Amino acid sequence: MSKNLRINNKQFVDETRKLSFVFNGKKLYGYKGDTLASALLSNDIHLVGRSFKYHRPRGIMTSGSEEPNAILQIGNDDALTEPNVRATEIELYDGLICNSQNCWPSVKFDIGGINNFLSPLLPAGFYYKTFMWPASFWGKYEYFIRKSAGLGKSPTKQDPDMYDHRYMHCDILIVGGGVSGLIAAKIASDDNKKVLLLEDKELLGGSLIYDDNDISKIDDQKSSEWLKKLIDNIKNDKNIIIKTRTSLAAYHNYNFLLARQNLTDHLSVNDRNNKIRQRLYKIRAKKVIISTGAIERPQVFHNNDRPGIMLASAVKKYIDYYGVRCGLENVIFTNNDSAYETALSLHKSGTKLNAIVDIRDNSSSEIVNQVKGLGIQIYWNHSVVDTKGYKRINKVTIMKLNDKGNDVIGKKIELNCDCLSVSGGWTPMVHLFTQSGGKLKFDNKDNIFVPDKTNLNQLSIGSAKGDFELDDVLKNSIKDTKKFLNIENSNFDKIDVKCSKEKDKKNIWLLPSDKPLSKTKPFLDYQNDSTAKDIKLALREGFKSIEHVKRYTTTGMGTDQGKLANMHALGIVADTTNTNMGDLGTTTFRPPYTPLTFGTIVGRNVGQFFDIFRKTPMHDWHVDNNAKFENVGQWKRAWYYPKDGETMYDAVQRESKAARESSGILDASTLGKIDIQGTDANEFLNRVYTNAWSKLQIGKCRYGLMLNEDGMVYDDGVTTKLGENHYLMTTTTGGAANVMSKLEDYLQTEWPELDVFLTSVTDHYATASVCGPNAKKIINKIFKNLDLSDESFPHMSFKEVKLGNISCRIMRISFTGELSYEINVEASYGKYIWEKCIEAGKEFNITPYGTETMHLLRAEKGFIIVGQDTDGTMTPVDLQMDWIISKKKYDFIGKRSLYRSDTIREDRKQLVGLLTDDPNEILEEGAQLIKDGNKNPVDMLGHVTSSYFSPTLKKSIALAILKEGKKLKGQKLLVPMIDKTIKVTVSDTIFLDKENERING
Amino acid sequence: MFLINCPYCGERDQSEFVSGGEAHIARPKQPTELNDDQWAEYLFMRKNIKGIQFERWNHAHGCRKWFNVARDTSNDKIEKIYKMGEQPPKL
């Protein structure tokens, strides 16, 4: 360290713990307690990045989350690297590696810097205006624009870190652990409220904790000493839960808030193993107190963005908190009293302060008088008009302001400086208040927006509410908190506060210059490089709404979300258009307040925990037998069982053949099952299904089709009458939950008079479905005493039998067209009964088949799958299932819609079969159907919904929906594919066994 | 994310509920008596107002009961919760 920038013996930095870190390949040192920014500054590094558009050198400007420039790439690991991290927010740890972004080849020599000299050619909207024509060229421009734009690099590998979510509930949530938040916490706790206190820094106390002047006194003590005692008190308070390193991300309606806590980012990489990196708190608070403080504003003048130009409050914090001088030749430029605190800090630390430039005519407050008394040169009624120094400021040029403050006069004065502290006043952090739906009002005295109306149980206090002087902050916080909590007295009622009072105010949003505006660069948004002249250009081009100006100029759209400069942008718009700022309003503050990592947002819901999945009781057997699975809703269903390296096609052909020729077995446990009981159960079924249920006898099963009220097919399945007032309904696998809630809806809201109770029993039973010509023999081997004759146990009937102690419900129903038995047992016996069937079927080559074979087998029979052959626009008539619509029933769900003018059209799309002219050609599901390929544009007549090669028929078969399909049977159509056109003929939907003979084996 | 005071279970997070759209649209008792326009009115037409709207909500991940909610759509404030079959409050 050549320069003497460290001030020793600061209480918040531990000089006994030296930490090494690497910045742009160079090894540097800092101390425990430093932020990366303070460590860089202590190494005399200001230049840390290049700006987004003009690639101008930029330095650390602030000491907090509002930092626009010092955003760095942390880490060099493909999985752990993190872009756009603010150096002002990251605590230094041993071994930290960081690099500048948006510069090439290096931050000191950046080729993109040429944009700075081309800047007259790069006005607001440049990219929009320039790369519009010809439209086809965008693809070529895009590559270069994207390469030169963009900030950091995303990690390329999966994030190995662990993240966590946690719910929290409290009486009072306090956001911000500064002095007002701490007082509010204590008042609430003394009233026996459960308090949750969030602070985004590692220590409580806000800016008062390092206050070092002797003007501010609380109860005759130095304000920081008084505050330390309060913090000690609060830390031992059982009613107060304190979360530090926790920043509030979002404030939603009904006092629901999200906060992110950093748990390991401040530790050296080796100390992070097996620890949760960040935690997202989901907080429900009965009441919320916002004490987030205020952000200092910069001032807007020509070349106000050079490295070494910093907020005055930041320069003060680096001295008083971190013990780091930001420069050895200081100049302060201000329009208010608060920068004089920086002057005192500089003086006290023995740092050279060359001058203070103040745009006001004078100020006679206590603190200013104290600075005057130190003999520091103050240029009243002066403004900075220019700065010099490309990579670090070395001079400022100042001139006198005229009476109106709209021009500069007199001679230029040059002042040497390597650090210019700027203060343009303070902006309350109202982001959270507005996120929660609160409305702001404009305060003309301080030129700030302050919280006004809210629907929620919340309160803003301290500088977040617009109180900036210590006595206002304390006394109003105490008064407002008491009122908010309905408390008569508090321990703070007799507090005695002394502080300097500001009497003189002056604010100029865009400072005048000796040069015309077009020749200057007064930056507003440092990160996005938008200047005051961009705002004026946008206004000239007709953008009036502040939201439009924002989008056109990108002011406030960087990762800092315009925390610094939004007010100036609004002020310049207001001044230029002669509007009151209060009428102009603000742009919308959206969550998150500071960027969140994706890891924090998803928490533990990654990998296998991303979504829940459901397994049948036979799942392990399928895994052991090499099943491939497909997702059906949340279920993992066996898809096919490849043997000896079979492809899916080969496996499905083998499985289908076995099921038709001997026997197959399917795990049907996933089908939705609803137990229906009650004296009106039969009437209920009549109302929800299209067909009639009155005559169904106990022990019999019936297929039902369910419509929506709009007449479109919703679900289907077989329902069995178990007893006089007891039915078991099955639904499609994917539709089970929806059917259940739809039926509940009708029962509760439309037909509360019906005595019907519904219970979902999907998970309670496991189902093994055995089919094929040998199915009867296999079932007979297992259930030796069961009479399986067609007379005793015909198709569409049900028997309840015992196998040892196991109750089995056997339904003789078929989705394949084969003789078929579905054995339902309690779920815990599922695997047992499955293995029993496999064992009994061994001599008949019983073949487990998956969903793909099931689909093929049912397609051969022309059975629809709701959701595959239907899409919410198909009526039963469209499906050629007129037979299932009862003519006798007066009403059922969807009946009236079946004869609306639209549903009775004959040219609707209807379900048909398709046969390819080449029997070996298999159509692709989703392929379009056309008649005349030469027509332009071609009429799309429909599309293929199901398509397979049938091993039994030895030809390709398909189902499709086709406009006027019923009339087109026998007609030739075309299926255009990317490399060929396939000829097809419209056929019947049933391809196999039209006479239903196989159903009896 | 609002809090909804289920009339059967008490106050719960919104994530436990599903919305069922506008309330007080009874299914016609004799649909066959209606012409296409009347049926379409029942089937398709729903209000979408700024202000207090009467809605059906279901405690889907709780008691599964349906009930009515009077909600101000401009700020999501729930003015009143009442059971199925009860008359809408005058607000």
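In region A:834-901, with Lys and Arg counted as +1 and Asp and Glu as -1 at Cβ, which of these residues, A:Phe844, A:Phe863, A:Trp883, has the Cα nearest the positive end of the dipole, that is, farthest along it? Highest projection toward the positive end goes to A:Trp883.
How large is the translational diffusion coefficient of region A:347-460 in µm² per second when you combine the Kirkwood radius over alpha carbon pairs with Stokes-Einstein at 37 °C and 0.692 mPa s? It comes out at roughly 189 µm²/s. Projecting the Cα atoms of A:Met61, A:Leu941, A:Leu257 onto the charge dipole of chain A, computed from C-beta unit charges around the Cα centre, puts A:Met61 farthest toward the positive end.
Between the listed residues A:Asn444, A:Leu898, A:Leu280, the Cα displaced farthest toward the positive end of the dipole of chain A, a dipole computed from Cβ unit charges relative to the Cα centre, is found at A:Asn444.
Across peptide A:891-901, the mean count of Cβ atoms from other chains lying within 10 Å of each residue's own Cβ comes to 4.
Round to the nearest 10 and give me the degree value, 0 to 90, for the angle of helix A:138-148's Cα axis relative to the longest principal axis of chain A. Helix A:138-148 sits roughly 50 degrees off the main axis of chain A.
The longest stretch of chain A left intact once loop-based GluC sites (Glu not before Pro) with at most 14 other Cβ atoms within 10 Å are removed from consideration, loops following DSSP, is A:203-487.
The charge dipole of region A:298-424, taken about the Cα centre with unit charges on the Cβ atoms of Lys, Arg (+1) and Asp, Glu (-1), comes to about 400 debye, rounded to the nearest 20.
Residues whose amide H comes within less than 5 Å of that of A:Ile332, counting only those at least five positions distant or on another chain, are A:Ala355, A:Ile356, A:Val357, A:Ser421 (H built at 1.01 Å from N in the peptide plane). Take each residue of peptide A:543-555, count the partner chain Cβ atoms within 10 Å of its Cβ, and average: the result is 0. In this simple spin-label model, placing a label point 7 Å from the Cα along the Cα-to-Cβ direction at both A:Glu995 and B:His24 gives a separation of 6.3 nm. Subtracting the Cα-Cα distance from 0.36 nm times the residue separation, let me have the gained length for A:Lys888 to A:Ile904 in nm, one decimal. Taking A:Lys888 through A:Ile904 to full extension adds about 3.9 nm, to one decimal. Stretching the chain fully between A:Asn725 and A:Asn578 yields a gain of 45.1 nm (0.36 nm per residue, less the alpha carbon separation). Taken along the Cα-to-beta-carbon direction at a fixed 7 Å, the label points for A:Glu630 and A:Lys275 span 4.8 nm.
Sequence-distant contacts, meaning Cα pairs under 8 Å at least 6 residues apart, place the relative contact order of chain B at 27 percent. Evaluate the Debye formula for region A:459-504 with equal point scatterers sitting on the alpha carbons, no solvent, and hand back log10 of I(q)/I(0) at q = 0.21, 0.30 Å⁻¹, in q order, two decimals. Normalising to I(0) and taking log10 leaves -0.72, -1.12. Listing B:Met45, A:Met796 from fewest to most neighbouring C-beta atoms within 10 Å gives B:Met45, A:Met796. Mind giving me the FRET efficiency for B:Asp72 and B:Met45? R0 is 25 Å, r the Cβ-Cβ distance, nearest 0.05 is fine. After rounding, the FRET efficiency stands at 0.70.
Let me make sure I get this right: for region A:891-1000, a, b and c are the square roots of the gyration tensor eigenvalues over alpha carbons, sorted descending. Under 1.5 in a/c it's rounded, otherwise prolate if a/b > b/c, else oblate. Which is it? Because a/c hits 1.5 or more and a/b fails to exceed b/c, region A:891-1000 counts as oblate.
Each peptide in A:188-196, A:531-539 gets a packing score, the mean of other Cβ atoms within 10 Å over its residues, and the list from highest to lowest is A:531-539, A:188-196. With q set to 0.09 Å⁻¹, the log10 of I(q)/I(0) for the protein assembly as shown, from the Debye formula over equal scatterers at the Cα positions, is -1.08.
Where only DSSP H runs of four or more residues are counted, the protein assembly as shown gives -5500 deg cm²/dmol as its mean residue ellipticity at 222 nm, each run worth -39500 (n - 2.57).
Pop the C-beta distance of A:Asn369 and B:Phe2 into the FRET formula with R0 = 60 Å and round what comes out to the nearest 0.05. Once rounded, the FRET efficiency stands at 0.65.
Modelled label positions at A:Asn76 and A:Met977, each set 7 Å beyond Cα in the direction of Cβ, lie 5.2 nm from each other.
Listed here are the pairs A:Lys243/A:Lys483; A:Lys909/A:Lys972; A:Lys776/A:Lys802; A:Lys352/A:Lys372; A:Lys889/B:Lys29; A:Lys700/A:Lys784; which of them are more than 19 Å apart at the Cα?
Over 19 Å apart, Cα to Cα: A:Lys243/A:Lys483; A:Lys700/A:Lys784.
Each Cα pair under 8 Å and six or more residues apart adds its sequence gap; the mean of these over the residue count of chain A is a relative contact order of 9 percent. Peptide A:739-750 has a mean shielding of 4, counted as Cβ atoms of other protein chains within 10 Å of each residue's Cβ.
Across every direction, the projection of the convex hull enclosing the Cα atoms of region A:517-600 has a mean area of 5.7 nm².
With a Förster radius of 51 Å applied to the C-beta separation of A:Ser789 and A:Glu925, the computed FRET efficiency comes to 0.80. Separation of the alpha carbons by more than 31 angstrom is noted, of A:Lys186/A:Lys501; A:Lys404/A:Lys533; A:Lys32/A:Lys194; A:Lys53/A:Lys411; A:Lys445/A:Lys550; A:Lys153/A:Lys563, for A:Lys32/A:Lys194; A:Lys53/A:Lys411.
Given 0.36 nm per residue, what is the gain on full extension from A:Asp190 to A:Lys453 after removing their alpha carbon distance, in nm?
91.9 nm
Among A:Lys836, B:Lys29, A:Lys628, the order by Cβ neighbours within 10 angstrom, fewest to most, reads B:Lys29, A:Lys628, A:Lys836.
The numbers here are math on the coordinates, done by the rules we state, and not lab data. Since we're looking at a predicted model, the values are computed, not measured. Glycine also receives a Cβ, built like all others from the backbone with ideal geometry; neighbour counts cover every protein chain displayed.
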